[in-house]
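The structure under discussion appears below in the form of structure tokens.
The values are calculated or read from the model by the stated rules, or taken from the named source; none is laboratory data. It should be emphasised that the depicted structure is a prediction, and the values quoted were computed from it without experimental measurement. Note that each Cβ is placed from the backbone with ideal geometry, even for glycine, and that neighbours are counted across all protein chains shown.
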Amino acid sequence: MAGMLKRIPIGSIQTLEGRPLLIASLSRPARRNALTVQRQVLLLLRYTTQIQTDSPCYWGCSLIRGQRQYFPSMDGLRGFAAIAVMVAHIDIMSKLRSGVPPFFQGHMAVDVFFVLSGFVMSHSYLGKPLDWAEFAKARFARIYPLHIASALGLLCLAWTGQLIFSIEVPQHFRDPQEAVEEILLLSALPGFEGQVWNSPSWSISIEWWIYFSLFPVIALLNRRSSILPIAIGLFCMYGAFGILIDMTSGEKFTRGWFAVGRGILGFSLGWSIWRIWRDTPWMLSGAFIDLCGLAILLAWFAVPQFSTSDGWFALPLIAIVIFGFSREVGLFSRVLSLRPFVWLGDISYSIYLTHMLVLLPLKYALSAFNLDDNFIAWLMFGTGGTLFLSTISYYYLEKPARKSIRSYQWRKMKLA
């Protein structure tokens, strides 16, 4: 039976007549049932045969991209989180003059990115031989082109503001040391903790160095570790860390050890979720996943309005929601799998890094019309401008640069 399963094309199941049937061609309910049965059969075979079920191609998928599983709801979640960060900055900037507290706290949207990155990196690279040179090349091609472009864009904005409007250039744009730290993605690390040129990029700094410090450790642990105790421990640590942030709310949790702790715990929890998804047939109720998602939204919106807390207690719920999305259960999962949200996920990195290029000039433009405290104007022009710029940067900078870097290096190695 194991040999028979090995001959079935990737992403397919075998019909009663013996013909392979592509899972992606089934309706969503039939697809989910087929995947559940497929996982349970493969788990049984794993302990009774020599079938290599560690390979990602043996684990069922909702859609096939290349030869790996693709999770459309996770793309949608990433797009939603990027929009949440942008809206949080709009909310803050629109209320600076009036002194009214923001109604929306998007801090935890960054933690969504950390957990998602741990899951996706594990799914993409673990369970198979890992070429670290290829890994570094892929990560550089993914992170650096847009990071450098957005930093240079903000530098140009700062000096243009001085030349045309006599707006003083901030000191961190004048300091050569700050420039080196910005280029090398060091600004958010302990011992540096400088002023980041592009404020959202502090998390990119943390994630970049996690790739080359924590992820190799995870790759070693992944070979023999028993994941359930690790997952429970990480879950509890994540919750405790959220409480610690509440208790030390005066600290800057986007710099130094607080920022590193957020990245390490989120990324590690993403890895453990992936291992549970890969190794077990566990399913969670769709209603339970939706309740957890609703609790996260309440923590972002409602909790800050009734207390001095920002709702960090909801951090562990992010992991539960992402695990539920990996099984494609719940209303939130279905909504975020819709094409508009998936498209937002495609351009989410551009949204995250370019929205300050829109919001900072918009601040002065709205001030000229005495609208700098008008949240509706901020939301309308800020969102529209960000989506426009992000679409251009994704299709004409981010994707071409990523492809060019990877293909150029490959040709060079081949000729050598």
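Some notes on this structure:
- Scanning the stretch 217-251 for residues that are under 22 Å from GLU193 (Cβ atoms), among the charged types (D, E, K, R) and either free of Cβ contacts under 8 Å to residues at least 40 places away in the same chain or crowded, with 17+ Cβ neighbours inside 10 Å (or both) yields a total of 1.
- LEU269 part of a helix (DSSP H, G or I) and free of Cβ contacts under 8 Å to residues at least 12 places away in the same chain: no
- The single residue among PHE388, PHE381 that is surrounded by fewer than 19 Cβ atoms within 10 Å (Cβ to Cβ), without any contact (Cβ under 8 Å) to a residue 12 or more places away in the chain and among the aromatic types (Phe, Trp, Tyr) turns out to be PHE388.
- Residue match in the stretch 63-72 (condition: in contact with a Ser or Thr (Cβ under 8 Å, 6 or more places away or on another chain), modelled with pLDDT of 80 or more and crowded, with 18+ Cβ neighbours inside 10 Å): yes
- Residue under evaluation LEU331, criteria (1) under 22 Å from SER150 (Cβ atoms); (2) among the aliphatic types (A, V, I, L, M); (3) within 21 Å of the chain's Cα centre (by Cα); (4) surrounded by fewer than 18 Cβ atoms within 10 Å (Cβ to Cβ), criterion not met: (1)
- Neighbours by Cβ (under 6 Å, 6+ apart or cross-chain): first from the stretch 99-112, closer than 14 Å to PRO200 by Cβ; second at pLDDT 75 or above and of a type outside the set (A, V, I, L, M): VAL110/SER203; ASP111/GLY266
- Residue pairs meeting the criteria (Cβ under 6 Å; at least 6 apart or on separate chains; first surrounded by fewer than 23 Cβ atoms within 10 Å (Cβ to Cβ), in the stretch 192-212; second among the acidic types (Asp, Glu) and not in a loop (DSSP other than H, G, I, E, B)): PHE192/GLU181; GLY194/GLU178; GLY194/GLU181
- Filter result for ILE245 (hydrophobic (A, V, I, L, M, F, W, C), more than 25 Å from PHE140 (Cα to Cα) and at pLDDT 85 or above): no
- Of all residues in the stretch 105-143, those being in contact with a Phe, Trp or Tyr (Cβ under 7 Å, 6 or more places away or on another chain) and surrounded by fewer than 18 Cβ atoms within 10 Å (Cβ to Cβ) number 1.
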